[in-house]
Amino acid sequence: MAIFEFKLPDLGEGVQEGELVKWHVKAGDLVKEDQTLAEVMTDKATVTVPSPKAGRVVQTHGKEGEMAKVHQLLVTIEVEGAAPVQASGHGAPAAHGAPAAAPAAIAAQGNGPQAATKVLATPLTRRMAAEHGLNLAEIPGSGPQGRVMKADVVAALEGGHAPRNEVAPAAAPAQARPAAPPVLPGCGDERIPLRGLRKKIAEKMVRSKFTAPHFGFVEEVDATELVALRKRLNETLAAAGEKTKLSFLPFIVKAILAAMKKYPHLNANMDEAAQELVVRGEFNIGIAVATSEGLTVPVIKNADRLTLRELAEEVVRLSTAARDRKLKMDELTGGSFTITSLGQTGGIFATPIINHPEVAIMGIHRMRKRPVVDKNDQIVVREMMNVSISADHRVIDGQVAADFVYEVIKYLEHPDMLFLAMA
């Protein structure tokens, strides 16, 4: 028998580490080739890492909730063979999870006092600190093994943490953290650690609000004609024996695409390092999907090339894959604009958080019948809903965002115009 050392594979371009969300094996388990070993959450997706060999698990490296570096030892497997072998971890994980090495192992790298005091932090946290002239060594870390989190950097900027040289020695790092709230008798408090997708959502939302100065704009839409058109098209599809059923989302995507031709700066990403607005040549529209683990944003690639029916089918396919946790990495990256909607539970309006590095996000809110005054000053009942936009005020002016929203509304209130706008 031989010992096979399998290391954490590459998780995607620019991804250097991920959080070990869940182990699917333990020491002593027999595994088959391509069997899932673990799930790892990166800034972009949860991915599963399959075993490249069949054999018996000797040891797993890292605990759930810890961070793992790419190419660090993940699992030791006993396989048929004559000599010890290593896997460098360059295999392709599926877009759903993989294991991690313990942060303690990261801290122990190198020799001498510098290695012993190395600050644990993700590349994103390091970049955020550097952009604001902060020394990570002076920020108490609240993460595992003293890891400095984005929230710690934000707290330091807001004056929430004292530098490390002002707190108790390293032997008692817990004193640098706020005291836990007292547990009232009989209350039965429950502590739920932020892990996996929920933790990544928290980090991304903090980064977005911390980085991009948001502003919001809201307007109402008379969707009566849109409701009628959708009903006619669905009746036509049903009569032809088609299984596809159009929701309102494909029409909204088409209206946004038509408006972007006039206001292309809304279809953009912000390059923080270069401080440049990157106006995208492709129209990759993210669709926020609620899952049991939190909000996921799969991306409809080249949405401008799809028909209404194809958009409807792609929305269903991506939403189902998101809920079943079967999205591929490519389906979670490359977005240029995001739409978020809670359907009939969408409320009157909201100001959603931008899906950074995008520069704008549109919220679609509840549609319902309301009395309105028509052009003849008559009170009539119409299908009304509100749309909102949140935009990055560094690169998008309020007037531009408002004009963009009114352009979208024009196509939603007169949906027949969408057919004229289609390429």
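The values are calculated or read from the model by the stated rules, or taken from the named source; none is laboratory data. Bear in mind the structure is a predicted one, so any value in this text is a computation, not a measurement. Glycine also receives a Cβ, built like all others from the backbone with ideal geometry; neighbour counts cover every protein chain displayed. Note: accessible area is taken over every heavy atom of the protein model, side chains too, but ligands, DNA and RNA are not part of it. Shrake-Rupley method; radii C 1.70, N 1.55, O 1.52, S 1.80 Å.
Could you check region 19-54 and list, in sequence order, the residues that are open to solvent by 10 Å² or more (accessible area, probe 1.4 Å), among the aliphatic types (A, V, I, L, M) and under 16 Å from the mean Cα position of the chain (by Cα)? Passing the criteria: only V21. It is to be established whether one or more residues within region 169-189 are open to solvent by less than 80 Å² (accessible area, probe 1.4 Å), among the β-branched types (V, I, T) and modelled with pLDDT under 85. No, because not a single residue in region 169-189 is open to solvent by less than 80 Å² (accessible area, probe 1.4 Å), among the β-branched types (V, I, T) and modelled with pLDDT under 85. Yes or no: region 204-223 includes at least one residue that is closer than 30 Å to F419 by Cβ, touching a Lys or Arg at 6+ places or on another chain (Cβ under 6 Å) and either part of a helix (DSSP H, G or I) or at pLDDT below 90 (or both). Scanning region 204-223 turns up no residue that is closer than 30 Å to F419 by Cβ, touching a Lys or Arg at 6+ places or on another chain (Cβ under 6 Å) and either part of a helix (DSSP H, G or I) or at pLDDT below 90 (or both).
For every residue, the table says whether it meets (1) over 20 Å from M362 (Cβ atoms); (2) out of contact with any Phe, Trp or Tyr (no Cβ under 7 Å at 6 or more places or on another chain); (3) open to solvent by 70 Å² or more (accessible area, probe 1.4 Å); (4) touching a residue at least 60 places away in the same chain (Cβ under 8 Å).
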{"position": "D271", "(1), (2), (3), (4)": "yes, yes, no, yes"}
{"position": "R280", "(1), (2), (3), (4)": "no, yes, no, no"}
{"position": "I285", "(1), (2), (3), (4)": "no, no, no, no"}
{"position": "T291", "(1), (2), (3), (4)": "yes, yes, no, yes"}
{"position": "V299", "(1), (2), (3), (4)": "no, yes, no, no"}
{"position": "A303", "(1), (2), (3), (4)": "no, no, no, no"}
{"position": "R309", "(1), (2), (3), (4)": "yes, yes, yes, yes"}
{"position": "E313", "(1), (2), (3), (4)": "yes, yes, yes, yes"}
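Within region 357-394, restricting attention to residues that are open to solvent by 40 Å² or more (accessible area, probe 1.4 Å) and of a type in the set (A, V, I, L, M, F, W, C), the residue that is farthest from V221 (Cα to Cα) is I379.
Of all the numbered requirements in (1) part of a helix (DSSP H, G or I); (2) over 26 Å from the mean Cα position of the chain (by Cα), T244 misses one, and that requirement is (1). Within region 30-82, the set of residues being at negative phi, of a type outside the set (G, A, S), assigned to a loop (DSSP other than H, G, I, E, B) and in contact with a Lys or Arg (Cβ under 7 Å, 6 or more places away or on another chain) comprises E33, D43, E64, Q72.
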